[in-house]
Structure formats: C-alpha cells, structure tokens
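Engineer: Okay, handing you the structure first.
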Amino acid sequence: MTEATCRREIELEIPAENVQKTTEKIARDLARVARIPGFRPGKAPVTLIRRRFAAEIKGEVLESLVPEFLEQALTEKKLSPVTRPEVDKVDFTEAGPLKFRATFEVLPEFELGDYKNLEIEVEDLAAGDTEVDKTLEEMRERAATYVPVEGRGAKDGDFVQVKIMGTPAGGGDPIRADNVQCHIGAEETLEAFNENLRGASPGETRRFETKYPDDYPDEKLKGKTYNYAVEVKAIKEKKLSELNDDFVKEIGEGAGGATTLEELRGKIRERLAAAREEHQQSQAREKILDELVKRHDFPVPEALIEHQMDARLERMVRTLAAQGVDPRAVNVDWVAMRQRQRERAERDVKAEILIDRIATAENVEVSDEELEKEFAKLAERSGESAAVIRARLTKERALDRMKSKLRSDKAIDSLHRTARIQTIAKREK
C-alpha cells in the first residue's frame, strides 16, 4: 500500500470463543430442521450434524461473524469504505480463532487549499444582429422544400435521389440502398459521386469505381475500392422561402407566437440572450471545477473512476437510443470508447470529492423548503404531483442522491458568487 492510493487493507482475528459459540448455535439450529436417514427430524446428534454439514456451517459462520467484526474494526479505525470490502486469506479452524484480511477503498484524506475568490475566464457568446440573421438562415434551411427538376441533367447544387448497388473489389458484402439523396458538388459528397452524377438524368444508370480514403470514418469502407451502379430516380432543387412576414406564417409554431418578421427577430434575440446567459453560467461552473481540481492533488478511488466511466458510457448509449439508433448496430469499439473516458471520469470524481468537502467546510445543507421546491420543479416537467415524485424517489432510495446533488449545486453556486469572472472573446477552434 502506498500513499498515492486509496486502497486500504486490514487483518482481523475473531477470538476462538466467538467462533465456537457461533458454530454451536448454527449447528443446533440446523439440527432442528435437518433430515438425516435413520433419525427423526430434529433428533440427529449435533456432533453428526457438524460432521455432515461442515462446509455449510463454516459458510454461515463466516457470513455471520465477518461482517460484524469488520464493521466494528472500521468504526474503531474511523474508516469509511467507498467499495464493498473484499475478504481473503481466510484462516478458519474449528477450535481456533478466525483470521482474515479485508481490502477496500476509502475517500482520500487531504487538506483543502484556497477555494474562495477563484479567478476564471468565460467566453462571450454573441447575441447581436449577426447571430439573429444566422438563426433566421438556419430556420430557412429547415423549412426548405425540394422541387423536382425536368428537362436537364444534374448539376452542382442539385439533390439527386438515387438507387445504389456497390460491389467491393476482391469480393465481400455488397452495399445496397434504394433511396439515397446525393448533394452534387457538396463537400460531404464523395468526389467520385460528384464527378459521375453531373449531367445524369432521371432513369439513367451511371457505373464507376471509387476508392475510399484510408482515414474514412466508416471502418467497413476505409481504404476499400467499390464498383458502383447508381440509378438516378429524380433530380431536385432546394427552394428557400423569402424572409418576410409570409415566411413567419409558413413556419407556424416554429415562430414561437410571432406573426411578423420583426416580432420573430425579437423572439430570436431573446432566446439567444437567454442561451448566452445559460451558456456562461454553465461554462463558469465547469471552469470553477477545473480550477479546484488543478489546485488540489490527491488520489482517487479506482472504483469511483470505474463507476463514472460506466455512467458516461451509459449516457452515450441512452442518447443514441433516444435518437432511434440501436447502439449494437453502431460501428464503435465500446471498450476503447469507455477507456477514452478515463481522464474525464477521474476529473469528475475529483471535482465531486472537492465540492463535498467544501460543502462540509461551509456548513452547506439542503432545507426541507428547498427540497419541496425541487419536487415542484420535477412535478411541473413530468406532469406528476410532487407527492408522487417524493414517494417514488423514496421507494427507489434516490432521495439521498437528490439531496446530495442539491447540496453540491448550492456549494458551487456559492463559489460562483465569490469568483472573479472575466469575459473574453470566443476562441476560434
């Protein structure tokens, strides 16, 4: 064991007297219910029971005594495991003491450094006329219509609806797709498709070969050569509406209640301002946590890092599922993806430990009134009553987690209020 780890181990010895007393009690209890050939139920000698069920009795003695004495030892040594202790090196003889070793992880011990009046920088998120115009253009793009083109071949800017059949050179599984839309001349379209579909007309089939780049994101296609037969089914042009009051009526609910272009601009400006405030608040909280972690050096329980890695991966899977994507069908190395979460997971665990320690130092607590307000917020979002939400969280034993999160949020808010925050221009990536 080194100082740079949260792993601890203790060796314990349970007195022979306690072992024998517990062994005898378990054997007597077993004798009352055991069925032994030649004896009526409950009449078999205890000595026979102890010989016949030696392994079972030993197992029950361990289950009875080890947790009890381990808990006493942890209390005496003021140790609070964050993982279930692993018991090994068990030395158990019928007439002697019971010896064993328990290994577990604990929260790190460290001195809190300066955590008040932190100096951080947050990037400004512009919300002026330029951003309003950009948002309007994005709304125009989403509301665009695609109009069929007749009497000419495909050209740059067109959206060509095609049926694809691709056969890999050297054999392998073919690629089939009955309804694919190619944006001719677009950067995201493979150059071989751009070149070979220019001038093509509906009903025409173009045949060509293409080699996928070695750095192509799809592992199944990376570096491979395919022979394609592409049938053009339709050619379409994208039509954008004029930015006027009619456009506002056209997008309906998307206008957020606005009936004129000027009203829509105002609502967009309000949304951008609110998003800017939220973004800067969120950014400031993350910068505060980063600064705290940078100022404190201490080991982190490996079990908590592993748990955080699992949680981050689970969120990714849930996000894919919410988008209608089957995570099992995605070409992703989930083991490697999980491992890439390690650095961020360790940072998150460190931040949680620090905020909990700061909350304790500052006597931060969550009042019943604050808890009720949180129930009310959850009820408003879910459509359930606050009482139902409280009952469910209590049943799921999630109430303590909720209180812990609210306590952490209060501690971070306190640090945010005392932090010296400088707003800087957004850095170009």
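The values are calculated or read from the model by the stated rules, or taken from the named source; none is laboratory data. What you see is a predicted model, and the numbers here were worked out from it, not measured in a lab. Quick reminder, even Gly has a Cβ in these numbers, built from the backbone with ideal geometry, and neighbours come from all protein chains shown.
Engineer: Condition first: at pLDDT 85 or above and within 38 Å of the chain's Cα centre (by Cα). Now tell me which residues in the stretch 188-209 satisfy that.
Structural biologist: 189, 190, 191, 193
Engineer: Continuing with this model, one more query. Kindly provide the set of residues from the stretch 118-134 that are among the β-branched types (Val, Ile, Thr), crowded, with 16+ Cβ neighbours inside 10 Å and assigned to a helix (DSSP H, G or I), ordered by number.
Structural biologist: 132 - this is the single residue of the stretch 118-134 that is among the β-branched types (Val, Ile, Thr), crowded, with 16+ Cβ neighbours inside 10 Å and assigned to a helix (DSSP H, G or I).
Engineer: Mind listing whichever residues of the stretch 83-107 are under 30 Å from the mean Cα position of the chain (by Cα) and either at pLDDT 90 or above or under 27 Å from residue 55 (Cα atoms) (or both)?
Structural biologist: 84, 85, 86, 103, 104, 105, 106, 107
Engineer: Pull out all pairs, ordered by first then second residue, where Cβ-Cβ is under 8 Å, the residues are six or more apart or on different chains, the first lies in the stretch 415-428 and is at pLDDT 85 or above, and the second is part of a loop (DSSP other than H, G, I, E, B) and exposed (fewer than 10 other Cβ atoms within 10 Å of the Cβ).
Structural biologist: Filtered contacts from the stretch 415-428: 418/117; 419/117; 420/117.
Engineer: Does residue 165 satisfy the condition of being surrounded by 11 or more Cβ atoms within 10 Å (Cβ to Cβ) and within 24 Å of residue 219 (Cα to Cα)?
Structural biologist: Here the answer is yes, as residue 165 does meet what is asked.
Engineer: Pairs please, first residue from the stretch 247-274 and touching a residue at least 24 places away in the same chain (Cβ under 8 Å), second anywhere and part of a helix (DSSP H, G or I), Cβ atoms under 6 Å, 6+ apart in sequence or on different chains.
Structural biologist: 264/248; 264/255; 265/132; 268/132; 268/135; 269/132; 272/131
Engineer: Please enumerate the residues belonging to the stretch 148-169 that are on the phi > 0 side of the Ramachandran plot and in contact (Cβ under 8 Å) with a residue 40 or more places away in the chain.
Structural biologist: Listed by number, the list holds a single entry, 157.
Engineer: Continuing with the same structure: So residue 226 clears everything in (1) touching a helix residue (DSSP H, G or I) at 6+ places or on another chain (Cβ under 7 Å); (2) among the aromatic types (Phe, Trp, Tyr); (3) crowded, with 17+ Cβ neighbours inside 10 Å except one condition, right? Which one?
Structural biologist: (1)
Engineer: Still on this structure: What are the residues in the stretch 135-162 that are surrounded by 13 or more Cβ atoms within 10 Å (Cβ to Cβ) and part of a helix (DSSP H, G or I), if any?
Structural biologist: Within the stretch 135-162, 135, 136, 139, 140 qualify.
Engineer: Applying the selection to the stretch 195-242, what residues are without any contact (Cβ under 8 Å) to a residue 24 or more places away in the chain and within 24 Å of residue 144 (Cβ to Cβ)?
Structural biologist: 242
Engineer: Could you say whether any residue in the stretch 299-311 is more than 30 Å from residue 9 (Cα to Cα) and either in contact (Cβ under 8 Å) with a residue 60 or more places away in the chain or touching a Gly at 6+ places or on another chain (Cβ under 7 Å) (or both)?
Structural biologist: Checking the stretch 299-311: not a single residue is more than 30 Å from residue 9 (Cα to Cα) and either in contact (Cβ under 8 Å) with a residue 60 or more places away in the chain or touching a Gly at 6+ places or on another chain (Cβ under 7 Å) (or both).
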